[in-house]
Amino acid sequence: MPEGHTAAHQPRHPGSSRRRGRTAPKGRQSEPAAIAEVRALLGNAERRRDLLIEFLHLIQDKYGHISARHLMALAEEMRLAQAEVYEVATFYAHFDVVKEGETPPAPLTIRVCDSLSCAMAGAEALLAELQTRVGADVRVVRAPCVGRCQSAPAAEVGHNFIDSADVAKVAKAVVEHRHDAEIPAYTDLAAYRAAGGYQVLQRLRSGELSRDKLVEIVDKAGLRGCGGAGFPTARKWKSVLGEPGPRLMAVNADEGEPGTFKDRYFLETDPHRVLEGMLIGAHLVDSPDVYFYLRDEYPACREILAREIAALDAAGLLAGVEVHLRRGAGAYICGEESAMIESIEGKRGLPRHRPPLPFQVGIFDRPTLINNVETLYWIRDLVERGPEWWTGQGRNGRKGLHTYSVSGRVRDPGVKLAPAGVTVRELIDEFCGGMLPGHTFRAYVPGGPSSGILPASLGDVPLDFGTLEAHGSFIGSAAVVILSDKDDIKEAALNLMRFFMDESCGQCTPCRVGTEKAVKLMAARGWNEQLLNELSVAMRDASICGLGQAAPNSVTSVMKFFPSDVGIVR
């Protein structure tokens, strides 16, 4: 052997006895104890990829956070890459992911809603005061809309909500620290069937009511999707039926638009009217599985649905249809139907590029019927009362009924069932008891943040699909927020844009960067009209989904109708 060389310098050949195999796999390894803890939580549930978010909820609920050790264990148990599990867990706001070396959050969290209606009712002051009073075992954070705008400001202690919250109420809830959601009184299965419930479904299943006749009734009534887009329901049904099976169905109960709380009202009062509409839709498109996607801010609705779906099963009314109750995790973007599909499949809620549309390629790549809670709520009435009953409703030349979620500066906020086409002035005076004492009607948000802010001078425009577009707005989810002469229009617009900035999924640059830049420009003393208009055009033209496309409405509407409020001189 040449001088200076040793055996360690000899070249190794394949199969050489000097090569040693690894004694452990590459990467960080799961702890046996963590794997045992995760297995205990998952029980006998199938380790399916689409159940990833449900499993993350089990860990979050049990430990109050999701540690790195549990993430690794869950990835191993589900045979997924750790990065895949991590990216899903960190996408959703309600999962508290704790990295190695980080301190877990306090065992109890207080969330204070900071969306527009709650901000107008003093949420910022409540948040600041609570942050100075809590102890080390309590965490206080701000939260986007929690669907309780009629009783603003709203706070959440654990899984229990406090309406018209103040420091004393929150402090009492902290002491009580209930772990289960408070369930309101509602119409259960027995009461619903006693009043004729599920007879329409039985007529459809028996053939007494044909599929064609059902579609014809809904078509003649002109029922439109009530989740915000307003797409004709019968046309959507026909589109799904035009696709070859097997098909699936989903219920979109992820209302997250600030100011919207109508779906919660229906589910907390008359859930079976929605469930019957759901089963009618499932029968129509021959869907053996229905995915009911419910926002995580509605724990009482989740408990009600779990109870009543089990009751339906026991009564034999599901008739072979399996209902999968899926829990959102704090992502407004999942109200967009393609993002909801991604979430149902256990992924990040990133909107899909279109085409294809969900009725062509939906859940698990199968044609999928997606209906909103309120849309399904009306199906039984349309069949029992006939389409003429529906078209006989309405005002100002419009037809049908509409459910308006009204909050802000009115005496009696809440869910208001009113004729389609009612004006905001009629809504305030006839359905909400007028304005609050000392407040004069000045502006309103007609359909959630996406619809912008309109002046009181447009208070006589009918609130319905197709009536507000000429003014750069739309009815959307009919989330009506009333502002008065005591409110700062600029701050209101900034609140709406901050919401979009926080809720952007980040997939596309125009929305991710555009909302952030808009917030900075809107926070300035005087708005740069030209620059904000250019930014708005870019966001509308290039964003993937409706969030980025509609977010600029809060900017452009204020510049158009309230220029002096934002320092624009004309």
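The values are calculated or read from the model by the stated rules, or taken from the named source; none is laboratory data. Keep in mind the model is a prediction, meaning the values are calculated, not measured. When we count neighbours, we look across all protein chains shown, and the Cβ atoms used for this are built from the backbone with ideal geometry, even at glycine. Please note that ligands, DNA and RNA were not included when accessible areas were found on the heavy atoms of the full protein model with its side chains. Shrake-Rupley method; radii C 1.70, N 1.55, O 1.52, S 1.80 Å.
Some observations on this one:
- Each residue of segment 146-161 was assigned a 3J(HN,Hα) from its phi angle through the Karplus expression (A = 6.51, B = -1.76, C = 1.60, θ = phi - 60°), giving 10, x, 10, 5, 6, 10, 5, x, 10, 9, 10, 10, x, 10, 10, 9 Hz with x at Gly and Pro.
- In this structure the chain gives 43 Å² per residue of accessible area when probed at 1.4 Å with all protein chains present.
- Cα-based shape type of segment 202-341, given that a ≥ b ≥ c are square roots of the gyration tensor eigenvalues and the cut on a/c is 1.5: oblate
- Degrees between helix 82-91 axis and first principal axis of the chain (Cα, 0 to 90, nearest 10): 30 degrees
- For F359, solvent-accessible area (1.4 Å; no DNA, RNA or ligand), Å²: 50 Å²
- In the chain, helical runs assigned H by DSSP with n ≥ 4 each contribute -39500 (n - 2.57); averaged across all residues and rounded to the nearest 500, the mean residue ellipticity at 222 nm is -11500 deg cm²/dmol.
- Using Cβ point charges alone (K and R +1, D and E -1), the dipole size of segment 289-383 about the Cα centre works out to roughly 220 debye.
- The amide H of M249, built 1.01 Å from its N in the peptide plane, has D289, Y291, L369 as neighbours under 5 Å, considering only residues 5 or more places off or on other chains.
- For N528, net neighbour charge (Lys/Arg +1, Asp/Glu -1) across residues whose Cβ lies under 12 Å away: +1
- Cross-link reach is defined here as a Cα-Cα straight distance under 17 Å, omitting same-chain residues fewer than 8 places apart; for K220 the aspartates and glutamates meeting it are D212, D381, E384, E388.
- With Cα atoms, 0 to 90° folded angle of helix 32-42 axis to the chain main axis: 30 degrees
- Straight-distance crosslink candidates among lysines, where the alpha carbon sits under 23 Å from K517 and sequence neighbours closer than 8 are dropped: K490, K560
- Computed over protein heavy atoms with a 1.4 Å probe, the carbon and sulfur contribution to the accessible area of segment 493-533 reaches 48%.
- Stretching the chain fully between T269 and D219 yields a gain of 15.3 nm (0.36 nm per residue, less the alpha carbon separation).
- As a fraction of the 1.4 Å probe accessible area of segment 373-428, surface on carbon and sulfur atoms comes out at 36 percent.
- For segment 47-184, the gyration tensor built on C-alpha atoms gives a prolate shape. Its axis ratio a/c (a ≥ b ≥ c) is at least 1.5, and a/b is the larger of a/b and b/c.
- Tilt relative to the chain, helix 299-314 - C-alpha long axis, 0 to 90 degrees, to 10: 90 degrees
- For V323, residues with placed amide H under 5 Å, excluding near neighbours: V290
- In order through segment 54-61: 3J(HN,Hα) via Karplus (6.51 cos²θ - 1.76 cosθ + 1.60), integer Hz, x for Gly, Pro: 4, 5, 4, 4, 4, 5, 4, 5
- With every protein chain in place, segment 31-171: carbon and sulfur % of accessible area (1.4 Å): 51 percent
- Cross-link pairs exceeding 28 Å between alpha carbons, from the set K486/K520; K169/K262; K169/K520; K62/K262; K236/K262; K213/K399: K169/K520; K62/K262.
- Shape category assigned to segment 285-348 from the gyration tensor of Cα positions, a/c cut at 1.5: oblate
- Length gained on full extension, R307 to V519, computed as 0.36 nm times the residue gap minus the Cα-Cα distance: 72.0 nm.
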